[in-house]
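Colleague: Take this structure first; my questions come after.
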Amino acid sequence: MTLRFLTALTGAASVLAACATTGDHAESDNPAEETQSAYGAFLAARFAGTSQDLGIASDYFAAALEHEPGSVFLADRTFLAATIAGDMQRSADAARLAVSGADESGLARLHLAAEAIRAGRGAEAESWLADGNYGPFNQLLADMLRGWALASTGDFDGALASADTMNAPGFSAPFVTMHEALLLDRAGRNEDAEAAYRDAMAGASYRRVTVELYGAFLERQGRRGEAEALYVASLAEAPGDPGIEADLERVRSGGRAPRSLSLSQMASRAILGPSAAVAAQADMEISILYLRLAQRLDPDYAPTLILMGGSLDRMGFSEAALDAFDAVPRGPFWMSSRIERLWLQARSGDPDGARADVRRLAEETGNLEALTLLADLSRANGELETAATLYEEIAARYEAQGDAPDWRYYFFRAAVLDQLGRWDEAEALFLRALEISPNEPDVLNHLGYVWVTQGRNIEEAFSMIRTAAAQEPDAGYIVDSLGWAHYVRGEYQEAVRHLERAVELDPASPTINFHLGDAYWQVGRGVEARYQWQRALELDPDPDEIEALNDRLATGIVPDLPETAMAEGQEAP
């Protein structure tokens, strides 16, 4: 994904072309010195945007604005680029000029108002929000911010009156209720606040924040038992939330109730709900702009930073995502954010550095999540003995803690041992994983496929693979196993049907293309078979597959039951 709003600027280049100059320039760390005109900096910013480099795009838009300091157009582009990149000071500076123009979305006004609220300047925030040109969703956010601006001046009656008259889009009604609950809580109107919190709980779509806020409210009222019940129920619905787990531990250990949030922190929570709802719909630049709005009000709230890091990662903005994960402060979410950060680092071209960092983290903390990531990265790096040992340790430690056995660690260790050629040990672990969780598609598929290729337990293996494919009909590697099971049973037409589907789902898999070539050969489609074998050779197959494919292309002969690898899928880290 590229920065669409930065690159799809009809007529923008012609607007700036008149400012262009020519001439050589010396290299500099300052983009404004590197470029001789607003036009040159603008083009450099657009190029950086298409290259997914948010920081450089922001730098060059700012450089263009430095060349043409009165340009509202460039101020708006600088505001947008800097906000998404996370340069909040540059964003605010550019927004002040951007609002003097059209500011068609009103986003610059929203961000300036949020900055003023955080600084305790409620009257200034109100002035930024006045006369804004807002669509329905931005109007919702503007109305929320206006309420917090009024509250910042001490006018809670006005803030609550404005909340009562808000015209909220249908999906956002629970967020308005939470906004009211927070205002009432801040105003010290506890009875009304509790009623509003209860109403918000009934319709919450971003439930964990609602639970966190209502639970803290109950604790401050001395109602620890009710808070505990709320946290327990939340974890039963959504296990593993580190923030709610920490809340439960605190209330059970008799810890002090959490302090009331500051006004800007409460405003941030109110804004986060609808912003997170937008982010959940699709990963778009606009969702980052809304999450940054919540961040501007409370820069250190871990759930906001983690949501943003995940969205930026999925959009391909790796550096900005790493920055978001790095910004998560020490606390309940820190370890999980470090794991996410290191996993992203490994996927972003630095697997060696990520592996060294996660090994250090695991050694320093003994954390099981860190050990699991180390095992996954070791497996991906071909350190199979290390990975097998780590998976065994992780499974043993979980069970020693009294936790229920987790099928994944038996499965991962089994897969590694299978790669090491220690099949008897691997088979026992696959079967143990199935005892723990009998219908896991990955376990059914892997064990079923190996049995098929071994010529053992064919009917049971076929049934297992068919069950896996029914659960994951769009997983190419599982559909491939089903096609290959039909092949082994001599049902070649059925094999072709499923393998063609598998290639559609995962066209870059050398193993699936290899299998389809063999199936074509069996039904007399020799030309297509040779095409698939050649295609498989071009997709970086394993050395054993390369030899087998070259033999087929040279001789045109397929063995009675060729031995091939299993197509890779979700089990690979």
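The values are calculated or read from the model by the stated rules, or taken from the named source; none is laboratory data. Here the structure is a predicted model, which means the values were calculated and not measured. No Cβ is skipped: glycine too gets one built from the backbone with ideal geometry, and neighbour counts run over all protein chains shown. Each accessible area value is taken on the protein alone, full model and side chains, heavy atoms only, with ligands, DNA and RNA left out. Shrake-Rupley method; radii C 1.70, N 1.55, O 1.52, S 1.80 Å.
Colleague: Name the residue that is modelled with the highest pLDDT, counting only residues in region 549-573 that are in contact with an Asp or Glu (Cβ under 8 Å, 6 or more places away or on another chain) and of a type in the set (Gly, Ala, Ser).
Modeller: Within region 549-573, the match that is modelled with the highest pLDDT is Ala567.
Colleague: Considering every residue within region 345-354, establish whether at least one is at pLDDT 95 or above, part of a loop (DSSP other than H, G, I, E, B) and under 28 Å from Ala280 (Cβ atoms).
Modeller: no
Colleague: Consider region 55-83. How many of its residues are more than 29 Å from the chain's Cα centre (by Cα), under 21 Å from Arg109 (Cβ atoms) and part of a helix (DSSP H, G or I)?
Modeller: Here is the first cut: in region 55-83, the ones more than 29 Å from the chain's Cα centre (by Cα) are 63-75.
Still in the running and under 21 Å from Arg109 (Cβ atoms): 65, 69-75.
Remaining after also requiring part of a helix (DSSP H, G or I): 65, 72-75.
Here the count works out to 5.
Colleague: Same structure, new question: Regarding region 445-467, can at least one residue be identified that is in contact with a Pro (Cβ under 9 Å, 6 or more places away or on another chain) and aliphatic (A, V, I, L, M)?
Modeller: Scanning region 445-467 turns up no residue that is in contact with a Pro (Cβ under 9 Å, 6 or more places away or on another chain) and aliphatic (A, V, I, L, M).
Colleague: Something else about it: For region 328-349, how many residues meet the condition of being over 16 Å from Ser378 (Cα atoms) and either surrounded by fewer than 20 Cβ atoms within 10 Å (Cβ to Cβ) or under 13 Å from the mean Cα position of the chain (by Cα) (or both)?
Modeller: In the first step, residues of region 328-349 are kept if they are over 16 Å from Ser378 (Cα atoms); the result is 328-338, 340-341, 348.
In the following step, the residues that additionally are either surrounded by fewer than 20 Cβ atoms within 10 Å (Cβ to Cβ) or under 13 Å from the mean Cα position of the chain (by Cα) (or both) were identified as 329-332, 334-337, 340-341, 348.
Final tally of qualifying residues: 11.
Colleague: Here's something else I'd like to know. Can you spot a residue in region 84-93 that is at pLDDT 90 or above, of a type in the set (S, T, N, Q) and assigned to a helix (DSSP H, G or I)?
Modeller: Checking region 84-93: at least one residue is at pLDDT 90 or above, of a type in the set (S, T, N, Q) and assigned to a helix (DSSP H, G or I).
Colleague: In addition: Looking at region 355-398, which of the residues that are closer than 23 Å to Leu429 by Cα and among the acidic types (Asp, Glu) is modelled with the highest pLDDT?
Modeller: Going through region 355-398, the residues closer than 23 Å to Leu429 by Cα turn out to be 368-398.
Checking which are among the acidic types (Asp, Glu) leaves us with 369, 376, 383, 385, 392-393.
On the way: Glu369: 89, Asp376: 91, Glu383: 91, Glu385: 94, Glu392: 91, Glu393: 90.
The extreme case among them is Glu385.
Colleague: List, please: which pairs have Cβ atoms under 7 Å, are six or more places apart or on different chains, and start with a residue in region 333-351 that is closer than 19 Å to Gly240 by Cα and end with one that is among the aliphatic types (A, V, I, L, M) and not in a helix (DSSP H, G or I)?
Modeller: If the second residue must be among the aliphatic types (A, V, I, L, M) and not in a helix (DSSP H, G or I), the pairs left are Trp334/Val328; Ser337/Val328.
Colleague: Which of (1) touching a residue at least 12 places away in the same chain (Cβ under 8 Å); (2) surrounded by fewer than 20 Cβ atoms within 10 Å (Cβ to Cβ); (3) polar (S, T, N, Q) does Asn457 not meet, given it meets every other one?
Modeller: (1)
Colleague: State yes or no: is Arg109 among the charged types (D, E, K, R) and surrounded by 24 or more Cβ atoms within 10 Å (Cβ to Cβ)? Please lay out each step first, then the result.
Modeller: Details: among the charged types (D, E, K, R): yes; surrounded by 24 or more Cβ atoms within 10 Å (Cβ to Cβ): yes.
Yes: the conditions hold for Arg109.
Colleague: So which helices (runs of 4 or more DSSP H) stay within region 106-153 end to end and still have 1 or more residues that are touching a residue at least 60 places away in the same chain (Cβ under 8 Å)? Even if it seems obvious, please write down each step before you answer.
Modeller: Values: elements: 107-118, 122-129, 136-152.
The helices (runs of 4 or more DSSP H) meeting that bar are 107-118, 136-152.
Colleague: Additional query: Starting from region 416-437, take each residue that is over 21 Å from Asn381 (Cα atoms) and list its partners that are assigned to a helix (DSSP H, G or I) and open to solvent by 20 Å² or more (accessible area, probe 1.4 Å), counting only C-beta distances under 6 angstrom and pairs at least six apart or across chains.
Modeller: From residues that are over 21 Å from Asn381 (Cα atoms), the pairs are Leu429/Tyr410; Leu429/Arg413; Arg432/Tyr410; Ala433/Trp407; Ala433/Tyr410; Ile436/Trp407; Ser437/Trp407.
Colleague: Quick one: which residue in Ala196, Ala125 is small (Gly, Ala, Ser), over 29 Å from Arg96 (Cα atoms) and open to solvent by less than 20 Å² (accessible area, probe 1.4 Å)?
Modeller: On the way: Ala125 fails: over 29 Å from Arg96 (Cα atoms).
None of the others qualify; the one that does is Ala196.
Colleague: Of the residues Leu150, Leu112, which is under 27 Å from Phe217 (Cβ atoms) and modelled with pLDDT of 95 or more? First the steps, then the outcome.
Modeller: Numbers: Leu112 fails: under 27 Å from Phe217 (Cβ atoms).
Exactly one residue qualifies, and that residue is Leu150.
Colleague: What residue, among those in region 519-548 that are in a helix (DSSP H, G or I), more than 25 Å from Ile465 (Cα to Cα) and among the acidic types (Asp, Glu), is modelled with the highest pLDDT?
Modeller: Looking at the filtered set, the residue picked out is Glu528.
Colleague: Let me ask something additional. Of the conditions (1) open to solvent by less than 60 Å² (accessible area, probe 1.4 Å); (2) over 23 Å from the mean Cα position of the chain (by Cα), Leu377 clears all except one; give me its number.
Modeller: (2)
Colleague: Additional query: Check region 176-189 and report whether any residue there is under 22 Å from Glu245 (Cα atoms), of a type in the set (Val, Ile, Thr) and either open to solvent by 30 Å² or more (accessible area, probe 1.4 Å) or in contact with a helix residue (DSSP H, G or I) (Cβ under 7 Å, 6 or more places away or on another chain) (or both).
Modeller: For region 176-189, residues under 22 Å from Glu245 (Cα atoms), of a type in the set (Val, Ile, Thr) and either open to solvent by 30 Å² or more (accessible area, probe 1.4 Å) or in contact with a helix residue (DSSP H, G or I) (Cβ under 7 Å, 6 or more places away or on another chain) (or both): absent.
Colleague: Looking for something out of contact with any Ser or Thr (no Cβ under 7 Å at 6 or more places or on another chain), closer than 22 Å to Ala149 by Cα and either crowded, with 23+ Cβ neighbours inside 10 Å or among the aromatic types (Phe, Trp, Tyr) (or both) - is there at least one such residue anywhere in region 78-98?
Modeller: yes
Colleague: Continuing with the same structure: Just checking, how many residues over region 164-173 are assigned to a helix (DSSP H, G or I) and either open to solvent by 80 Å² or more (accessible area, probe 1.4 Å) or at positive phi (or both)?
Modeller: We begin by selecting, within region 164-173, every residue assigned to a helix (DSSP H, G or I); these are 164, 170-173.
Now drop any that are not either open to solvent by 80 Å² or more (accessible area, probe 1.4 Å) or at positive phi (or both), which leaves 164, 171.
Total satisfying the criteria: 2.
Colleague: Follow-up. Would you point out the residue of region 468-515, among those that are of a type in the set (Lys, Arg) and assigned to a helix (DSSP H, G or I), that is nearest to Pro441 (Cα to Cα)? If you could, list the steps in order and put the result at the bottom.
Modeller: Within region 468-515, the first condition is being of a type in the set (Lys, Arg), and the residues that meet it are 489, 497, 501.
Retained after the next criterion (residues that are assigned to a helix (DSSP H, G or I)): 497, 501.
Details: Arg497: 21, Arg501: 18 Å.
Among those that are of a type in the set (Lys, Arg) and assigned to a helix (DSSP H, G or I), it is Arg501.
Colleague: Here is a follow-up. I'd like to check something: does region 417-427 contain any residue that is outside any helix (DSSP H, G or I) and at positive phi?
Modeller: Residues of region 417-427 that are outside any helix (DSSP H, G or I), as a first pass: 420-422.
Next, from what is left, pick out any that are at positive phi: 421.
Within region 417-427, one or more residues are outside any helix (DSSP H, G or I) and at positive phi.
Colleague: Right, something else. Regarding region 429-443, can at least one residue be identified that is of a type in the set (A, V, I, L, M) and more than 35 Å from the chain's Cα centre (by Cα)? Can you show your working first?
Modeller: Taking region 429-443 as the starting set, the residues that turn out to be of a type in the set (A, V, I, L, M) are 429, 431, 433-434, 436, 443.
Keeping just the survivors that are more than 35 Å from the chain's Cα centre (by Cα) gives none.
Looking through region 429-443, none of the residues is of a type in the set (A, V, I, L, M) and more than 35 Å from the chain's Cα centre (by Cα).
Colleague: Look through Gly310, Gly316 and report the one residue that is surrounded by fewer than 22 Cβ atoms within 10 Å (Cβ to Cβ) and in a helix (DSSP H, G or I). Show your work before the answer.
Modeller: Working: Gly316 fails: in a helix (DSSP H, G or I).
Testing whether each residue is surrounded by fewer than 22 Cβ atoms within 10 Å (Cβ to Cβ) and in a helix (DSSP H, G or I) leaves just Gly310.
Colleague: Return the residue satisfying two criteria in turn: it lies in region 406-464 and is basic (Lys, Arg) and out of contact with any Leu (no Cβ under 8 Å at 6 or more places or on another chain), and of such residues it is farthest from Leu374 (Cα to Cα). Break it down into steps so the answer makes sense when it comes.
Modeller: First, pick out the residues of region 406-464 that are basic (Lys, Arg): 408, 413, 422, 432, 456.
Restricting the remaining residues to those that are out of contact with any Leu (no Cβ under 8 Å at 6 or more places or on another chain) gives 408, 422, 432, 456.
On the way: Arg408: 15, Arg422: 22, Arg432: 23, Arg456: 34 Å.
Filtering region 406-464 for residues that are basic (Lys, Arg) and out of contact with any Leu (no Cβ under 8 Å at 6 or more places or on another chain), the one farthest from Leu374 (Cα to Cα) comes out as Arg456.
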